[in-house]
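The values are calculated or read from the model by the stated rules, or taken from the named source; none is laboratory data. Fair warning: this is a prediction, and the values are worked out from it, not measured in the lab. Neighbour counts run over all protein chains shown; Cβ positions are idealised from the backbone, glycine included. Each accessible area value is taken on the protein alone, full model and side chains, heavy atoms only, with ligands, DNA and RNA left out. Shrake-Rupley method; radii C 1.70, N 1.55, O 1.52, S 1.80 Å.
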Amino acid sequence: MATTEAPELIGLAQRTLRELRLRVAGASGGGPDALREAGYAGAGSLFDAFESWLSDRGSMKAEDLPIDEFSARAAEFFQAAGWGRVTFRSLHDALAVIDIEGCWEAQLHGEGERGCHLTTGTLAGFLGCLADYPVAVMEIECSVGENARCRFLAGNADMLEHAYERVSRGEQWETIGAGEF
């Protein structure tokens, strides 16, 4: 009997993901960092699935796509995978901005919960598969509920540290990167 290799991705019920998130977030020593690390760990498989998805549609490899086409294709892939309506764009050619309307993770938040930690880690790992440097991702907006929209900034670690310092001082994220890098 021939054996087939198991697929890299499986679907899980949102309730399962919600319970898992709550338990990891509440575990001593776990919390948001553990969720981000878990998201990052699985991002390579997600990127491989994206590459297969592109190939099935007769597209070039992700790294060969012009940025506008990559953004459109990645948005289509993520939406089809149940992430919500995802958009990718550049911020002053310094950082990437990722918006997710109807963010799957934000929709799972319980009372008083904020932060899409699995998504943050997954985006960092996914984008890192394209870059020749480690990509850092920071969530700068998180809304919860059915109409949830979350916003993330992505770039190299120095850029994100700089962005974090400026946002922490109360500056608007939209001004970050203009003529700085």
(message) List pairs: first residue in the stretch 133-150 and farther than 15 Å from Pro32 by Cβ and of a type in the set (D, E, K, R), second residue modelled with pLDDT of 80 or more and open to solvent by 80 Å² or more (accessible area, probe 1.4 Å) anywhere in the structure, Cβ distance under 8 angstrom, at least six positions apart or on different chains.
(response) Arg149/Glu101
(request) Identify the residue in the stretch 28-73 that is part of a helix (DSSP H, G or I) and of a type in the set (S, T, N, Q) and, among all such residues, is nearest to Ala154 (Cα to Cα). (result) Ser71
(request) Working only within the stretch 85-128, note down all residues that are part of a helix (DSSP H, G or I) and small (Gly, Ala, Ser). (result) Ala106, Gly121, Ala124, Gly125, Gly128
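Here's the yes/no breakdown for (1) open to solvent by 90 Å² or more (accessible area, probe 1.4 Å); (2) under 19 Å from His109 (Cα atoms); (3) at pLDDT 65 or above; (4) not polar (S, T, N, Q):
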position: Glu5; (1), (2), (3), (4): yes, no, no, yes
position: Leu12; (1), (2), (3), (4): yes, yes, no, yes
position: Glu19; (1), (2), (3), (4): no, yes, yes, yes
position: Leu22; (1), (2), (3), (4): no, yes, yes, yes
position: Ser45; (1), (2), (3), (4): no, no, yes, no
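Each row is one residue, and each column tells you yes or no for (1) closer than 18 Å to Phe47 by Cα; (2) at pLDDT below 90.
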residue	(1), (2)
Ala81	yes, yes
Phe88	yes, no
His92	no, yes
Val97	no, no
Glu105	no, yes
Ala136	yes, no
His162	no, yes
Trp173	no, yes
(request) Test Arg169 against the stated conditions and say whether it is out of contact with any Pro (no Cβ under 6 Å at 6 or more places or on another chain), among the charged types (D, E, K, R) and under 25 Å from Ala34 (Cβ atoms). (result) no
(message) Just the residues that are in contact with a helix residue (DSSP H, G or I) (Cβ under 6 Å, 6 or more places away or on another chain) and touching a residue at least 40 places away in the same chain (Cβ under 8 Å), please, taken from the stretch 38-61.
(response) Gly39, Tyr40, Ala43, Leu46, Phe47, Phe50
(request) State which residue pairs qualify: first residue over 15 Å from Cys150 (Cα atoms) and inside the stretch 78-91, second residue open to solvent by 70 Å² or more (accessible area, probe 1.4 Å) and not small (Gly, Ala, Ser) in any location, beta carbons under 9 Å apart, and separation of 6 or more residues or different chains. (result) Ala81/Leu9; Ser90/Ile67; Leu91/Glu174
